[in-house]
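**Student:** Before I ask anything, let me first share the structure, which is written out below as structure tokens.
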Amino acid sequence: MKRKYVSFITIPILVMVLSFTACSEATEPSAGSETVTPANETVTTPEPENNKAPEPTRPQTESFDLMTGEGDQPLTAALQQGDGFSLYVFEKFDFDASEGRLFLTSNPEYNVEIEPLPADYDLTQLRTAGKEELEAFGEVSDYSGELVEHPLGYAEVYLQVSNGEGIRDYMVWKSESGDAYLFRLRNPKGEEASDFAGPVLVSLSTVQK
């Protein structure tokens, strides 16, 4: 009875040892095996953060419909670069980029000065300064707000003096991108006044950072 009991215990122990050995051999990787990347697996390389798409450029020329004595006529204007902004300039006009000054070629007395404003500009302060500036030439009229049938469409400040010598305008205007500009326009009384007024206002409406 004693031998049979010992034999009964020994056989299961041997089977268990063999089972553990087989499991260890099945789970342990061979020493010479290497991890292989599947052939169809692709590795995505992150794009550099500073790899931004270039900003779109404006066309070198544009055509605009202007009201003339002969009705609406398409006129072509060329792109000009100023200090931090660009605009389209028609024939018979010149643009001084260093001074931000657009003027009639035949008579520079017809001109407008373009000044980019900082993002934190004080509109109340600009309005007050404009009134003080124009009061030296006569009574100041205020056309601020929506401008009906006007190339600029809307002006936060639009002050004007009209007298026997001509017209002076002081305007604070925002482009479609939200950048603000100050325009000081001088349109003396004379034969060239109509040649200046229409095209210059269209040019001002194209000012863009």
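**Student:** In this structure, is E115 in contact (Cβ under 8 Å) with a residue 40 or more places away in the chain, under 19 Å from L79 (Cα atoms) and charged (D, E, K, R)?
**Tutor:** When the stated conditions are applied, E115 passes them.
**Student:** Being within 24 Å of the chain's Cα centre (by Cα) and either part of a loop (DSSP other than H, G, I, E, B) or touching a residue at least 12 places away in the same chain (Cβ under 8 Å) (or both) is the filter here; which residues of segment 129-146 pass it?
**Tutor:** G145
**Student:** Exactly one of (1) surrounded by 13 or more Cβ atoms within 10 Å (Cβ to Cβ); (2) under 22 Å from F196 (Cα atoms) is unmet by L123. Its number?
**Tutor:** Condition (2) is where L123 drops out.
**Student:** Another question, then. Taking Y158 as the residue in question, decide whether it is modelled with pLDDT of 95 or more, open to solvent by 60 Å² or more (accessible area, probe 1.4 Å), more than 16 Å from Y88 (Cβ to Cβ) and touching a Leu at 6+ places or on another chain (Cβ under 8 Å).
**Tutor:** no
**Student:** If you don't mind, another one. Within segment 148-182, how many residues are within 19 Å of S194 (Cα to Cα) and under 24 Å from the mean Cα position of the chain (by Cα)?
**Tutor:** The total comes to 3.
**Student:** Name the residues in segment 95-115 that are closer than 17 Å to A193 by Cα and assigned to a loop (DSSP other than H, G, I, E, B), would you?
**Tutor:** Answer for segment 95-115, where residues must be closer than 17 Å to A193 by Cα and assigned to a loop (DSSP other than H, G, I, E, B): T105, S106.
Residues are listed down the side, and each one gets a yes or a no for (1) closer than 19 Å to S144 by Cα; (2) open to solvent by 40 Å² or more (accessible area, probe 1.4 Å); (3) of a type in the set (S, T, N, Q); (4) assigned to a strand (DSSP E or B):
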{"site": "I167", "(1), (2), (3), (4)": "yes, yes, no, yes"}
{"site": "M171", "(1), (2), (3), (4)": "yes, no, no, yes"}
{"site": "Y181", "(1), (2), (3), (4)": "yes, no, no, yes"}
{"site": "R186", "(1), (2), (3), (4)": "yes, yes, no, yes"}
{"site": "E191", "(1), (2), (3), (4)": "no, yes, no, no"}
{"site": "D195", "(1), (2), (3), (4)": "no, yes, no, no"}
{"site": "L201", "(1), (2), (3), (4)": "yes, no, no, no"}
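**Student:** List the residue pairs whose Cβ atoms are under 8 Å apart, where the first residue sits in segment 54-72 and is modelled with pLDDT under 85, the second is of a type outside the set (S, T, N, Q), and the two are 6 or more positions apart or on different chains.
**Tutor:** M67/G198; T68/G198; D72/D65; D72/L66
The values are calculated or read from the model by the stated rules, or taken from the named source; none is laboratory data. Because the structure is a prediction, the values reported are computed rather than measured. For neighbour counting, all protein chains shown are included, and Cβ atoms are generated from backbone atoms with ideal geometry for every residue, glycine included. With ligands, DNA and RNA removed, areas are computed over all heavy atoms of the protein, side chains included. Shrake-Rupley method; radii C 1.70, N 1.55, O 1.52, S 1.80 Å.
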